[in-house]
Amino acid sequence: MKLLPSSALKGLLAAGMLTALFSAPVLAQTRCGEEESGSAKVAREAAALELSSEDPRAQLQRLVDMALKRSPALGVSKLLAQAARDDWEETKAARLPQISLNAMTVGIGAKQDGITTTKGLQGRVGVSLSAPLFDFGRQQQLTAWRSQLADAARLGLISTEQQLALQTVSLAMERSRYQLQIQVYQQYVRKMSCIVEALETIVRADRGRSSELVQAHKNQQQAELAVEQTYSALRQAEVRLKRFVGDDLPPSASYAALLTTVPDLAKMQDDILLAPEVEQLDAQARAQASYAESVAAGQKPQLSWVLSGNLAGGASRTSDYTAGISLNMPLYQAGADAALSAARRRAEATRLQREESVQARRYRIAELHEAALSSFDRARRTVEILRNSERVRATTLQQWQQLGRRSLFDVMGAEGDYYSTRIAHVNALFDGQQAVAMMWSMGRGVMAPLR
């Protein structure tokens with residue numbers, strides 16, 4: 001397994017909610033005071049966004065369970081799996097003796113030399129018993145066909161469960177991403193508010209600096225707009241998540257430390273064969289091959305034994321019975337060769353479809369593996385940039401306030417660069433997590449690393 005490239009990033013994640021980065025002190029000395037300390041700030045913002053202290057792994061598992069319990073798509077897959085198993089049971093029973101009863105009432109009449117000998121109603125009842133003896137494996141192949149289709153339907157159910165789990169985990173993480181972005185933007189708004197407050201005091205004494213106040217107001221409004229836009233994205237993500245887990249959506253836990261380990265590429269590609277979708281295609285290919293064999297066997301002689309008895313009463317009483325072996329030998333069936341060819345072509349097409357799926361997944365996992373490594377590397381590098389950006393913004397603000405060696409535009413540029421870099425760090429981290437989740441979903445399932 002490949003760990004994150006930097007122990008520094010891992011330490012930041014372990015601290016929770018990236019607190020070490022999100023609470024760096026600033027050397028600001030404005031009327032509204034310095035920025036809040038890390039613990040107070042995170043506590044207040046957590047309350048505002050209703051963050052939960054619940055274990056993130058346990059919460060994701062609970063959300064997935066909620067999605068599985070209320071999903072109509074999963075109910076459809078369950079019914080289809082049950083129906084496929086019933087089809088298999090029916091086909092398996094076809095090799096057992098079949099008993100049938102028939103009864104009828106008819107009017108009969110008979111004449112001999114112009115004289116009516118029999119006339120009236122007659123009741124007839126008959127019982128027949130039959131079973132196949134030898135059919136060149138036709139019934140066995142039909143049973144195998146139905147058995148593999150039932151297995152494919154069962155695997156389809158598992159595949160649906162895995163897809164629901166991936167969608168639920170992905171949306172829960174998107175929700176967490178937007179909540180972290182909102183925290184950053186809210187801090188940016190507060191910082192700009194402090195600068196605006198300080199400038200209002202300066203402008204009252206020096207009208208020549210009004211343009212700086214206008215620019216600060218503009219930056220503050222842009223930061224407030226970013227907050228509202230991110231809140232809108234958060235609400236949309238929650239609406240999509242509620243579709244799966246219901247309207248009773250629990251407060252989000254912090255997922256920043258989950259799925260941050262990039263799994264080994266070779267192992268992930270080996271796990272492709274364990275994916276329910278691939279196993280389902282395997283079962284379907286075997287089913288089509290068995291069906292093709294049953295079609296071929298159906299064009300050969302069929303041997304069965306038959307036992308029947310009939311009894312008639314009323315105007316004329318008769319009884320008879322038969323016992324023996326029945327042979328059905330096809331001599332000519334129009335289109336028989338075409339039916340066999342079609343069955344074999346479908347079997348080959350399903351096999352090729354399975355190979356195509358495996359190949360596509362191998363390349364997709366390689367792509368996701370590279371994307372995950374790149375995202376976490378970008379997050380690590382962004383941490384280093386943030387450290388320098390923090391020093392630049394602190395120094396710039398101090399020089400502007402105390403020495404007059406920097407303009408307000410330098411200060412706002414440094415602030416904007418710092419907070420945009422923090423947003424980039426959040427996005428890089430969650431992009432990597434989403435890529436890791438998708439990698440796992442293409443093999444053993446996204447819940448495997450969470451458990």
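The values are calculated or read from the model by the stated rules, or taken from the named source; none is laboratory data. Treat the numbers as computed from the prediction; the structure is a model and nothing was measured. Note that we place each Cβ from the backbone using ideal geometry, even for glycine, and neighbour counts take in every protein chain shown.
Which helices (runs of 4 or more DSSP H) sit wholly inside region 36-111 and have at least 3 residues that are closer than 30 Å to V127 by Cα and at pLDDT 90 or above? Hits in region 36-111: 72-93. If the condition is being surrounded by 14 or more Cβ atoms within 10 Å (Cβ to Cβ) and among the aliphatic types (A, V, I, L, M), then region 95-124 contributes only I108.
Condition check for A165 on (1) surrounded by fewer than 22 Cβ atoms within 10 Å (Cβ to Cβ); (2) within 36 Å of the chain's Cα centre (by Cα); (3) not aromatic (F, W, Y): one failure, at (1).
Of everything in region 181-224 that is more than 18 Å from Q402 (Cβ to Cβ) and of a type in the set (D, E), the residue that is farthest from the chain's Cα centre (by Cα) is E200.
I'd like the full set of residues that are more than 30 Å from G313 (Cα to Cα), aliphatic (A, V, I, L, M) and more than 39 Å from the chain's Cα centre (by Cα), limited to region 79-132. Listed by number, the list holds a single entry, L96. Picking from residues in region 147-162 that are more than 13 Å from D282 (Cα to Cα) and aliphatic (A, V, I, L, M), the one that is surrounded by the most Cβ atoms within 10 Å (Cβ to Cβ) is L157.
Residue pairs whose Cβ atoms lie under 9 Å apart, sitting 6 or more positions apart in sequence or on different chains, and linking a residue in region 191-217 that is over 15 Å from E415 (Cβ atoms) to a partner that is among the β-branched types (V, I, T) and in a helix (DSSP H, G or I), are R209/I202; R209/V203; S210/V203; L213/V196; L213/I202; L213/V203.
Exactly one residue among L199, L164, L225 is under 27 Å from R62 (Cβ atoms) and of a type in the set (A, V, I, L, M), and that residue is L164.
Does N388 satisfy the criteria of being surrounded by 17 or more Cβ atoms within 10 Å (Cβ to Cβ) and either free of Cβ contacts under 8 Å to residues at least 60 places away in the same chain or of a type in the set (S, T, N, Q) (or both)?
no
Within region 310-345, the residues that satisfy the criterion of being touching a residue at least 24 places away in the same chain (Cβ under 8 Å), out of contact with any Leu (no Cβ under 9 Å at 6 or more places or on another chain) and surrounded by 10 or more Cβ atoms within 10 Å (Cβ to Cβ) are N310, L311, A312, G313, S316, P330, Q333, A336, A339, L340, A343, R344. Applying a threshold of 6 Å to beta carbon distances and a minimum spacing of six or more residues, or different chains, the list of pairs starting in region 354-375 at a residue that is among the β-branched types (V, I, T) and ending at one that is not in a helix (DSSP H, G or I) reads I365/M442.
Out of L121, L155, one residue alone is on the phi < 0 side of the Ramachandran plot and in contact with an Asp or Glu (Cβ under 8 Å, 6 or more places away or on another chain). It is L155.
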